[in-house]
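As structure tokens, the structure follows; a few thoughts come after it.
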Amino acid sequence: MDRSLVERAQHGDRDAYERLARASAERMYTVAYQIARDHDRADDAVQQALVEMWRDLPSLRDADRFEAWTYRLVTRACLQELRRRRRVQVVELSPDDVIEQPGDFAADAALRDQLQHALASLTPDHRAVVVLRHLSGLPLEEIAEVLGVPLGTVASRLHHATRSLRAAIDAGERPAVIGGQPA
Amino acid sequence: MTDDLVFDRAILEAFHATAPTTPSDIVDRALTRTADVPQRRPRLGRLDARAWPPARWSIGDPSIRRNARLLLLAAAIALVTATAVVGAKLLQDRPPTPRLLQPTTLVQSGSLPAQFDAPVTVLLGDGRVLAGGYAGLPAIAYVLDPVAHSEQPIDSGLPTVNLESAALLPDGRVALLGWDQSDPSAEGRSLLWVFDPRTNRVGEPVPTLEKRFDAAMVAVPDGRVLITGGIESQDPSRALATTELFDPTTRMLKSGPPLTAPRTGHIALATTAGTVLLVGGNDVTPDKVGRPINEIELFDHVTGGSEVLGHLGTTNAIRSHPRLLALADGRVLIVDRQIGPQLCGRHGIDPIGAQMFDPTTQKLSPAPPIPHSVAAVVALTDGRVLVAGSWQALRDGCAAGGQEIVNGNWLGLYDPATGATVESTNPITHDGALPIDPLRPYSAAVRLADGSVLLFGSDLTNGDQFTWVDQLRFEGGSGK
């Protein structure tokens with residue numbers, strides 16, 4: 001990200017802010033959606049994050065850390081959104097979609113679905129760590145800064161989330177089961 | 001189990017498979033919403049809760065520089081105000097010069113049912129005293145009640161154990177480092193117990209990572225216990241330069257940073273600066289057998305750093321220990337090793353060197369010498385130090401060809417500032433006024449909550465199977 005653009009926005013330049021927002025919106029929305037797994041919530045979270053971006057830009061100490069800061073804004077907005085409108089999230093997945101497709105494609109689809117189930121079943125805090133690590137590629141130290149939690153907490157959350165996801169993958173690699181019998 | 005690469009790829013594919021389409025108007029809506037929103041300007045050098053990343057205090061930070069004047073002004077006002085308030089308070093509350101304690105009586109207070117050469121003693125929070133040593137009994141130590149004049153054994157659950165070291169923990173419990181001779185391998189092993197005064201019991205023992213005979217243990221400020229050096233068995237074949245850290249909460253041990261050199265039979269004391277003083281001991285490695293270690297070492301168990309501050313003054317007494325004593329002001333009195341019998345010494349007067357460690361400056365400075373060998377030291381409430389020990393001398397001195405050997409046990413009230421020492425009666429010169437039983441030497445001491453001192457001793461030559469416990473009482477000051 002252009003450092004001068006960030007510094008201009010920090011001093012109230014709205015054109016600079018608009019360019020920053022357009023350059024960041026897709027990345028922020030992808031992260032928000034993968035954490036929230038819901039378009040409405042992701043939209044609300046990004047809106048909130050973009051407003052905070054404008055309002056709090058002067059509080060950003062280091063313009064070179066702008067991108068990491070936007071991860072912080074959108075992740076925190078997303079988690080706040082999920083806590084504010086807490087409700088049970090149901091992931092629709094028909095067993096027929098998994099077992100009726102032949103060959104490797106069916107196996108891949110089954111694996112993906114198992115993973116989607118597993119991702120959906122993680123808590124938002126755990127899912128945020130997985131998204132920032134695997135989708136955004138942030139190192140653990142940066143994730144700790146973004147989330148405002150100790151490094152050990154990040155490592156612990158990632159460990160537990162990874163264990164759940166690995167279990168899902170391992171289950172996906174086993175033969176699908178229909179009516180209690182191997183397919 | 002899925003390997004890492006497959007796992008990472010699967011997760012990424014799962015994200016990509018559900019990649020969302022970003023609403024095209026999402027930025028436009030945000031622009032509309034922020035049209036009337038003012039930016040929040042940090043008021044004081046961006047030192048507000050929203051600032052990110054968290055402040056790393058650097059003079060190069062322009063926001064810090066910009067507000068340096070304000071910060072300095074605020075600090076100056078705070079300093080002047082605090083100085084005025086504290087100064088006034090100190091003038092108002094300045095304690096009177098402490099009145100020196102006057103020893104009144106030395107009474108027999110009880111005994112321990114085992115003979116301990118140099119007992120390990122700890123004053124418990126409830127006023128009782130834990131004491132133990134090398135006795136090879138099922139009891140790892142005893143708890144003395146100086147008011148009821150009773151003692152209670154602390155059962156180790158093992159047939160033959162010895163107490164090597166004890167450390168009072170911040171929560172009032174006591175970590176005990178012992179040597180178990182009842183180990184089936186017959187080699188012995190070192191074990192850690194945690195004694196809880198509320199239940200008068202120890203928990204299950206925890207074996208140390210390495211066998212450590214004659215190691216030193218000390219509680220460090222972070223709540224853990226540091227165990228240093230020792231030898232790997234009672235057969236002195238290899239001294240250890242390793243350390244271990246014991247967490248009494250989790251009952252877990254882990255290796256600590258190494259010492260600069262092997263050390264066994266030494267003593268350790270935690271300073272108020274968080275570091276640990278290591279003094280004395282021997283090196284028993286084959287090429288250095290019997291070499292007394294005279295380096296006074298300051299060890300940092302967190303960083304592993306170590307610094308030799310100075311040396312003990314005597315070099316010839318391998319088996320005797322120097323003494324460390326924490327004074328009320330945080331300084332540490334270091335007393336040289338006991339010297340062996342100096343029969344030609346004039347009336348048993350063979351001054352022992354002393355030094356003072358100041359944790360503020362991290363430096364040693366000379367302290368006035370002490371008149372005789374010292375086996376026990378304890379700080380008194382008037383700032384002086386009670387010292388106890390013993391000596392031997394020819395009644396008429398070597399020059400006069402005297403043959404009569406006089407055993408002189410002694411007590412002294414030593415002032416570490418001036419060296420002035422009030423002594424017990426010298427059996428040759430009959431000088432001195434402190435009460436003492438000439439047949440009862442002392443090797444350990446502990447100050448009780450009422451200011452009096454319990455003294456522990458035994459006569460190793462007569463086969464007694466007990467350790468006597470005497471109480472020296474005072475009047476004046478806060479001692480009774």
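Just so it is clear, none of the values below were taken in a lab; they were calculated from the coordinates. Since we're looking at a predicted model, the values are computed, not measured. Cβ atoms come from the backbone with ideal geometry, glycine included; neighbour counts cover every protein chain shown.
Observations, loosely collected:
- Karplus-derived HN-Hα couplings along segment B:108-115 (A = 6.51, B = -1.76, C = 1.60, θ = phi - 60°), whole Hz, x at Gly and Pro: 6, 9, x, 7, 9, x, 7, 8
- What you get for segment B:141-201, charging only the Cβ of Lys and Arg (+1) and of Asp and Glu (-1), is a dipole of about 160 debye around the Cα centre.
- Amide H contacts for B:T121 (H built 1.01 Å from N in the peptide plane; partners 5 or more residues away or on another chain; cut-off under 5 Å): none found.
- A simple rule links phi to the HN-Hα coupling: the Karplus curve 6.51 cos²θ - 1.76 cosθ + 1.60 with θ = phi - 60°, which for segment B:322-332 gives x, 10, 10, 9, 7, 8, 4, 8, x, 6, 10 Hz, with x for Gly and Pro.
- Sparsely packed trypsin sites (Lys or Arg not before Pro) within segment B:77-151, loop by DSSP, other Cβ within 10 Å at most 16: B:R99
- Shape of segment B:138-241, Cα gyration tensor, a/c cut at 1.5: oblate
- Three-way shape call for segment B:145-197 based on the alpha-carbon gyration tensor, with the a/c threshold at 1.5: oblate
- Test item: Cα-centred dipole of segment A:1-68, Lys/Arg +1 and Asp/Glu -1 on Cβ, debye: 100 debye
- Basic side chains Lys and Arg get +1 at the Cβ, acidic Asp and Glu get -1 at the Cβ, and with that the dipole of segment B:349-475 about its Cα centre reaches some 260 debye.
- Residues with amide H under 5 Å from that of B:D283, placed H, sequence gap 5 or more: B:G290, B:R291, B:I293
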